[in-house]
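The values are calculated or read from the model by the stated rules, or taken from the named source; none is laboratory data. Model, not experiment: these values are computed from the prediction. Cβ placement follows ideal geometry from the backbone for every residue including glycine, while neighbour counts extend to all protein chains displayed.
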Amino acid sequence: MNIDTISGLDGKVALVTGAAGDIGRATVALLRAHGMRIVAEDIHPAVAELAEPGCVVTLTGDVGDEQTARAAVDRALGEFGQLDVLVNNAGRTLNKRALDTSVDEWDAILATNARGNFLHSREALRVMVKQRSGTIVSVASVVSSVGMPDLAAYAASKGAIAQLTKVLAVEYGEHGIRVNAVAPGVVETNILAGIVEDSRATLASYGHLHPLGRVAKPAEIADVIAWLASPRASFVTGALIMADGGYTAL
Ligand SMILES: NC(=O)c1ccc[n+]([C@@H]2O[C@H](COP(=O)([O-])OP(=O)(O)OC[C@H]3O[C@@H](n4cnc5c(N)ncnc54)[C@H](O)[C@@H]3O)[C@@H](O)[C@H]2O)c1
């Protein structure tokens, strides 16, 4: 039995947001390895590097823009005729305490992380409800459920994702649609680009916060996303799956 037979993802179609980032690229690579066709979306033009004729189409746009969400879902239907999986992965952070956070900064983080998730979920659900099948996997965070200083807007946006996940699971379960989120601990990625000199090295230095004594590699989060997206998680919905090296067990 090969990997595709085991996962049940072979031939299915996914829309992955934030596809040009580290967790996004790892997710696209893994879903492709499982035989999926993919619409890869990102605000960064580097997403075009992921294009593969007949297998991966790319789209550049702001995830918090309603037109981007509509265009991405239309692209899945136009190119591949269906949409089975949405991975809401696009996100950015703001490392500031509440008193240092401006209204514009708050709105910008919520627009990307929370509104982007809502818009893409809503547009995907329009198709999935008609199909009477589909699954949504969102990338939340440990700060969806625990407090951490210097992350007021980011944590609020990730809390919104956790709650939206539960509501959508409850609202659309009867249509055969599963909605889940993965909550990573610290992952060695480029998310702090522009905030610190070396994002991956800075994030790697937080290993001691996790009982496993290290941070995650992007591929370890992609594994959880792929499992949640697959029929192997067929009775899992409305869940916030911690992939945090034990961070929230402390
Ligand atoms: N790295 C961590 O420690 C960590 C921990 C928990 C959760 N996460 C979450 O994982 C997800 C992926 O982040 P990553 O760590 O791979 O970082 P990353 O910066 O490598 O990837 C994020 C991607 O999202 C894209 N993006 C940002 N704003 C966008 C917008 N407005 N529209 C469209 N695309 C946009 C970026 O261009 C980038 O390609 C994010 O949702 C992040 O919050 C990361």
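Taken over the range 82-127, the criterion of being more than 14 Å from the ligand (Cβ to nearest atom), among the small types (Gly, Ala, Ser) and over 12 Å from Leu15 (Cβ atoms) is satisfied by Ala98, Ser102.
The residue that is farthest from the chain's Cα centre (by Cα), counting only those in the range 136-160 that are within 11 Å of the ligand (Cβ to nearest atom) and either without any contact (Cβ under 8 Å) to a residue 24 or more places away in the chain or closer than 21 Å to Val103 by Cβ (or both), is Met148.
For the range 205-221, a residue qualifies if it is within 11 Å of the ligand (Cβ to nearest atom) and among the hydroxyl-bearing types (Ser, Thr, Tyr), and exactly one does: Tyr206.
For the subset of the range 192-204 comprising residues that are exposed (fewer than 12 other Cβ atoms within 10 Å of the Cβ) and not aliphatic (A, V, I, L, M), which member is nearest to the ligand (Cβ to nearest atom)? Talk me through it step by step, then tell me what you get.
The initial filter retains those residues of the range 192-204 that are exposed (fewer than 12 other Cβ atoms within 10 Å of the Cβ), namely 194, 197, 201.
Subsequent filtering for residues that are not aliphatic (A, V, I, L, M) retains 194, 197.
On the way: Gly194: 10, Glu197: 15 Å.
The extreme case among them is Gly194.
Rundown of residues vs (1) over 26 Å from Trp227 (Cα atoms); (2) of a type outside the set (S, T, N, Q); (3) not in a helix (DSSP H, G or I), yes/no style:
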site: Leu30; (1), (2), (3): no, yes, no
site: Ala40; (1), (2), (3): no, yes, yes
site: Val57; (1), (2), (3): no, yes, yes
site: Ala71; (1), (2), (3): yes, yes, no
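Of the listed requirements (1) touching a Gly at 6+ places or on another chain (Cβ under 7 Å); (2) away from the ligand (no atom under 15 Å from the Cβ); (3) not in a helix (DSSP H, G or I), Val170 misses just one: (3). Taking first residues from the range 69-96 that are within 23 Å of Asp22 (Cα to Cα) and partners that are of a type in the set (Asp, Glu) and in a loop (DSSP other than H, G, I, E, B), the Cβ contacts under 8 Å between residues at least 6 apart in sequence or on separate chains come to Asn95/Asp150; Lys96/Asp150.
Rundown of residues vs (1) surrounded by fewer than 21 Cβ atoms within 10 Å (Cβ to Cβ); (2) over 18 Å from His120 (Cα atoms); (3) modelled with pLDDT of 95 or more; (4) touching a helix residue (DSSP H, G or I) at 6+ places or on another chain (Cβ under 6 Å), yes/no style:
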residue	(1), (2), (3), (4)
Ala20	no, no, yes, yes
Ala26	no, yes, yes, yes
Ala29	yes, yes, yes, no
Ala33	yes, yes, yes, no
Val39	no, no, yes, yes
His44	yes, no, yes, no
Glu49	yes, yes, yes, no
Gly54	yes, yes, yes, no
Thr58	no, no, yes, yes
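Is it the case that some residue within the range 222-243 is within 12 Å of the ligand (Cβ to nearest atom), polar (S, T, N, Q) and in contact (Cβ under 8 Å) with a residue 12 or more places away in the chain? The answer is no; no qualifying residue exists. Can you tell me which residues in the range 11-28 are in a helix (DSSP H, G or I) and of a type in the set (Gly, Ala, Ser)? Gly24, Ala26, listed by residue number.
Looking across the range 232-250, not a single residue is surrounded by fewer than 18 Cβ atoms within 10 Å (Cβ to Cβ), in a helix (DSSP H, G or I) and within 18 Å of the chain's Cα centre (by Cα).
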